[in-house]
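S.K.: Have a look at this one before I ask anything.
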Amino acid sequence: MSGPDPETLQIYNTRAADYAAQNTDHLRKDPRLAAFISACRENGHVLDLGCGPGTSSAVMASAGLRPLAMDPSEKMLALAKDHAGVETRQGSFDDISGTDLFDGVWANFSLLHAPRLEFPRHLRAIRQALRSGGPFYIALKLGKGEARDAIGRLYTYYEEDELTDLLRAAGFAPTNSTTGESTGLDGSVARWISVACHG
């Protein structure tokens with residue numbers, strides 16, 4: 001267990017307000033998030049893994065879900081705590097444990113910061129914590145290898161086939177995927193993939 005990359009974590013603590021300002025509007029209108037909410041049972045307990053400023057959790061709460069917003073960044077969690085109906089917990093991917101805890105897990109551009117060697121273990125922990133049939137949504141940046149971006153965040157990149165194989169090996173059933181590109185906090189445009197699964 002290595003825990004969060006210190007440099008990446010420091011950047012998120014330093015730039016939390018900037019990140020929130022850049023991502024809030026489009027997350028509130030994200031069709032992927034709407035589909036995730038629809039796939040969860042009414043009043044379901046869901047995990048927003050790597051929640052950042054808690055925007056997705058706020059949308060989930062307003063739709064009647066009970067989100068747990070989890071992130072290693074204390075500055076991000078301070079923003080997430082401002083949203084009504086959102087429970088927060090400081091923690092990293094290594095802190096996922098337990099069985100049948102959640103009716104859905106939303107991991108939107110968070111697990112791309114996990115080291116490649118530890119990624120399968122994290123997926124298995126999420127699958128164990130997800131109740132049978134519950135939705136799991138994951139988004140990562142497309143590519144190969146590991147690298148730091150222009151502001152120093154460490155990323156692990158995956159190609160679509162590799163990600164699908166890893167999800168299936170962890171016990172998930174991928175149902176559909178979406179690809180696109182967008183501008184990140186560092187100002188660069190990156191290709192990404194989001195995969196919807198069921199446990």
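S.K.: Two decimals is fine: what is log10 I(q)/I(0) at q = 0.12, 0.15 Å⁻¹ for the range 48-154, from a Debye sum with one equal scatterer on every Cα and no solvent?
M.R.: Results for the range 48-154 at q = 0.12, 0.15 Å⁻¹ read -0.41, -0.64.
S.K.: May I ask you to compute the full-extension gain from Leu101 to Glu87, defined as 0.36 nm times their residue separation minus their alpha-carbon distance, rounded to one decimal in nm?
M.R.: Result for the pair: 3.6 nm of gain on full extension.
S.K.: Counting Lys +1, Arg +1, Asp -1, Glu -1, what net charge surrounds Tyr137 among other residues with beta carbon under 14 Å of its beta carbon? Please report the intermediate quantities before stating the final value.
M.R.: Details: positive: Arg32, Arg127; negative: Asp30, Asp48, Asp103.
Summing Lys and Arg as +1 and Asp and Glu as -1 gives -1.
S.K.: Could you work out how much longer the chain between Arg131 and Thr175 gets when fully extended? Use 0.36 nm per residue separation minus the Cα distance between them, nm to one decimal. Intermediate results must be reported in sequence, preceding the final value.
M.R.: On the way: separation 44, 0.36 × 44 = 15.84 nm, distance 1.68 nm.
Gain on stretching Arg131 to Thr175: 14.2 nm.
S.K.: Out of all DSSP beta bridges with both ends in the range 6-198, state the antiparallel percent to the nearest 5. Could you put the intermediate results ahead of the total?
M.R.: Details: 20 of 38 bridges.
Bridges in the range 6-198 that DSSP calls antiparallel: roughly 55 percent.
S.K.: Something else now. Using only the alpha-carbon atoms of the chain as identical scatterers, what base-10 log of I(q)/I(0) does the Debye formula give at q = 0.14 Å⁻¹?
M.R.: -0.74
S.K.: If you don't mind, there's one more thing I want to ask. What does the charge count around Ala69 come to, taking other residues whose C-beta lies under 12 Å from its C-beta (Lys +1, Arg +1, Asp -1, Glu -1)? Please list the in-between numbers first.
M.R.: Working: positive: Arg66, Lys81, Arg89; negative: Asp48, Asp71, Asp82, Glu87.
Within the 12 Å Cβ shell, the charges total -1.
S.K.: Report the gain in length on full extension from Glu118 to Ala34: 0.36 nm times residue separation, minus Cα-Cα distance, nm rounded to one decimal. Intermediate values should be presented prior to the final figure.
M.R.: Values: separation 84, 0.36 × 84 = 30.24 nm, distance 2.93 nm.
So the extension gain works out to 27.3 nm.
Since every read-out is calculated from the coordinates, none of them should be taken as a lab result. The shown structure was predicted, so the numbers you read here are calculated from the model rather than taken from an experiment. For neighbour counting, all protein chains shown are included, and Cβ atoms are generated from backbone atoms with ideal geometry for every residue, glycine included.
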